[in-house]
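Structure record follows, encoded as structure tokens.
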Amino acid sequence: QTVLIFILLSQLVHSYKLNGLRRMSSLFMSTTDSTDMKTSPAAISLIRKGKMKLVQNLLKEIDSMGDKHPTNRYLTQREFPFGIIEPINFHTTITNNKATVAVFPEFNKKSKTGFIIGIPPPEILGGVLRDAGAKAIIVSLDSRSGGGTADEFERFCKEQARARIFLPGPIAIIWNDLIVHKIQIAQAASLGASAITLTPEMTDNLAEFVQYSKELDIEPIVMVKSLEDGESAIKAGARYVCVHSLEETAIVDLKNTITSSATYKEHGLENSSFSFFARLRPEEDFSVYHEIDMCWTLRDEGFVGVWPSPEAVYVTGMRDIYSNIMAMRAKASRVFLSPRQYLMDRNKEGAKEYLGDILY
């Protein structure tokens with residue numbers, strides 16, 4: 001009886017902490033996301049200067065190590081570090097995703113999640129997310145908003161390389177950072193990145209960065225939050241944009257604004273593979289239900305991928321990762337089914353189908 005009481009009290013304390021974290025997540029959003037809508041030009045300038053200092057340190061490290069540095073070896077010989085295979089083609093991964101959205105969970109050590117001792121290491125989390133149905137894993141490397149390291153990114157790529165003999169097979173790993181110099185793109189390519197995020201605010205050479213990414217066989221994903229950003233991405237030659245830092249209705253409105261713009265039509269993108277993703281923002285309470293509902297809405301609006309918040313995917317730690325991702329990428333219709341009902345009643349295995357699944 002004493003042990004049972006202790007277990008119940010532990011669960012209550014853990015649930016209380018989680019509820020508090022969920023309520024705080026939206027308050028921290030504006031400070032942890034370096035590309036938030038409220039970021040001032042002065043703040044952007046400071047961020048760029050800070051990133052350039054890191055870039056200078058990286059360049060010195062590459063110069064001192066010469067051909068022993070992975071980035072140099074990749075640029076001169078197209079050689080990956082031991083244990084990393086040719087990256088998964090990001091475009092092929094997305095275009096093979098029929099009638100639903102691709103889900104890209106994020107590895108973020110700064111987010112408030114349900115893990116008691118911190119987010120699991122790449123060797124564990126990579127396999128769990130792959131088995132749960134994720135199409136790619138986003139590794140956030142900015143020290144303020146992500147906390148990931150280049151070593152952890154490399155470990156994710158090595159874990160996926162080991163999965164090439166399993167089913168499901170390897171998935172794409174996306175390098176998410178604030179890119180201010182081409183050497184960062186080269187570093188990502190040398191460690192096995194399939195795609196990389198580019199932020200227009202962080203550079204005056206977006207077209208050059210997009211082209212350089214393609215030369216290194218990395219898919220550039222341009223982060224947009226305005227029509228100006230969208231037009232810059234189109235002119236730069238990107239075929240994937242990710243709408244971020246906006247509210248629910250504004251995400252869809254911006255997509256419609258971009259696709260109806262003169263720039264979009266001038267480049268003949270109506271029947272092209274130009275595609276939209278969306279980065280979702282955590283809600284104050286029950287973020288997982290809200291984001292599942294958003295995934296279904298965005299799927300119906302023509303989005304091909306979603307970047308859910310870590311607060312939603314890992315809300316209860318490891319326990320519900322499978323069901324959360326399965327629900328986000330489900331083909332269920334919002335007309336016949338609610339996300340709460342889907343999570344509460346859905347079986348992971350078997351032939352049980354909902355009316356919403358069948359009719360969609």
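May I ask you to compute the full-extension gain from LEU227 to GLU270, defined as 0.36 nm times their residue separation minus their alpha-carbon distance, rounded to one decimal in nm?
Numbers: separation 43, 0.36 × 43 = 15.48 nm, distance 1.67 nm.
Residue separation times 0.36 nm, minus the Cα-Cα distance, leaves 13.8 nm.
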Calculate the FRET efficiency for SER261 and PHE82 from the Cβ-Cβ distance with a Förster distance of 51 Å, rounded to the nearest 0.05. 0.65
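Rank ASP204, ASP253, ASP142 by accessible area, highest first, at a 1.4 Å probe radius?
Numbers: ASP204 130, ASP253 85, ASP142 5 Å².
Descending accessible area places them as ASP204, ASP253, ASP142.
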What residues qualify as long-range amide H neighbours of TYR240, i.e. H under 5 Å apart, gap of 5 or more or another chain, H built at 1.01 Å from N? VAL222, SER275
GluC sites (Glu not before Pro), restricted to segment 209-296: which are DSSP loop and have at most 12 other Cβ atoms within 10 Å? GLU247, GLU270, GLU284
What does the extension gain come out to for LEU54 and GLU152, with contour length at 0.36 nm per residue minus their alpha carbon separation? 33.5 nm
Run through segment 49-123 and list the trypsin sites (Lys or Arg not before Pro) located in a DSSP loop whose Cβ has at most 13 other Cβ atoms within 10 Å. ARG78, LYS98
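What order do SER226, SER143 take when sorted by accessible area (1.4 Å probe), most exposed first?
Details: SER226 35, SER143 70 Å².
So, going from the largest accessible area down, we get SER143, SER226.
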Average accessible area per residue (Å²) across segment 84-188 - probe 1.4 Å, nucleic acids and ligands excluded: 37
Along segment 305-317, what does the Karplus equation 6.51 cos²θ - 1.76 cosθ + 1.60 (θ = phi - 60°) give for ³J(HN,Hα), rounded to whole Hz, x for Gly and Pro? x, 10, 10, x, 6, x, 4, 8, 5, 10, 4, 10, x
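List the pairs from LYS68/LYS110; LYS235/LYS255; LYS235/LYS265; LYS109/LYS158 whose alpha-carbon separation is above 21 Å, in the order I gave them. Walk me through the numbers before you get to the answer.
Details: LYS68/LYS110 32 Å; LYS235/LYS255 16 Å; LYS235/LYS265 12 Å; LYS109/LYS158 19 Å.
Result: LYS68/LYS110 exceed 21 Å.
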Probe 1.4 Å, heavy atoms of protein chains only: per residue, the accessible area of segment 232-348 in Å² is 41
How much solvent-accessible surface does ILE44 expose, in Å² to the nearest 10, with a 1.4 Å probe and all protein chains in place? 20
At 7 Å along the Cα-to-beta-carbon direction for both ALA99 and GLU208, put a label point, then send me their distance in nm to one decimal. 4.7
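The values are calculated or read from the model by the stated rules, or taken from the named source; none is laboratory data. Because the structure is a prediction, the values reported are computed rather than measured. Don't worry about glycine lacking a Cβ; one is built from the backbone with ideal geometry, like all the others, and counts go over all protein chains shown. The area values use the complete protein model at the heavy-atom level, side chains included, leaving out ligands, DNA and RNA. Shrake-Rupley method; radii C 1.70, N 1.55, O 1.52, S 1.80 Å.
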